[in-house]
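Notes follow once the structure below has been shown.
Nothing in this text is a laboratory measurement; each read-out follows from the coordinates by a stated rule. Because the structure is a prediction, the values reported are computed rather than measured. Please note: Cβ atoms are built from the backbone with ideal geometry, for glycine as well, and neighbour counts cover all protein chains shown.
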Amino acid sequence: MRSVLLIGVVLAVAVAAGAAVAVGAEQAGEDTLPQTAFTAEDLKKYDGRDPELPILISLKGIVYDVTAGKRFYGPGASYNALVGKDSTRAVGLWSLDEKDLTDDISDFTEEQLAGLNEVIETVYKAKYPVVGRFVKTHDEL
């Protein structure tokens with residue numbers, strides 16, 4: 001319960017403060033997304049530990065560069081557990097539990113899907129550039 005409350009508070013602060021606004025963030029449709037494909041293995045190195053690399057998160061198959069939000073996503077920050085992987089389920093559940101750090105939302109209710117989509121629209125799509133797609137294998141693109 002504490003992690004749910006913490007995530008809610010930090011996301012609210014980030015939205016209210018306009019933190020990490022990415023000028024020129026990709027607002028394109030599915031057909032015009034960057035064609036960079038990231039597998040789970042590829043994403044691991046974009047977790048903020050290497051200061052030379054961007055910090056990436058995948059949500060619903062779309063990879064966002066959240067480097068501008070380093071104070072939230074960088075090493076030791078509140079949401080660092082979410083980056084370097086697809087964290088769709090965790091974001092949809094407002095969870096930082098290891099078991100929720102996955103792309104599996106097959107059991108989500110309509111309400112949970114709506115909440116997930118709202119967070120993606122108001123936080124990620126609005127503030128961070130799209131840099132690619134999450135794929136199971138590189139053969140998918």
Whose amide H sits under 5 Å from the amide H of residue 86, counting only residues 5 or more places off or on another chain, with H placed in the peptide plane?
-> 58
Can you grab the distance from the C-alpha centre of the range 36-69 to the C-alpha centre of the range 77-96, Å, no decimals?
-> 12 Å
The range 42-136: which GluC sites (Glu not before Pro) are DSSP loop and have at most 10 other beta-carbon atoms within 10 angstrom?
-> 52
DSSP loop trypsin sites (Lys or Arg not before Pro) in the range 43-141 with at most 16 other Cβ atoms within 10 Å of their Cβ, which ones?
-> 49, 60, 136
All-pairs alpha carbon distance profile, the range 35-141, 5 Å steps from 0, percent | 2, 14, 24, 27, 20, 10, 2, 0
Any lysines with Cα under 18 Å of the residue 136 Cα? List them, leaving off those in the same chain fewer than 8 positions away.
-> 44, 45, 60, 85
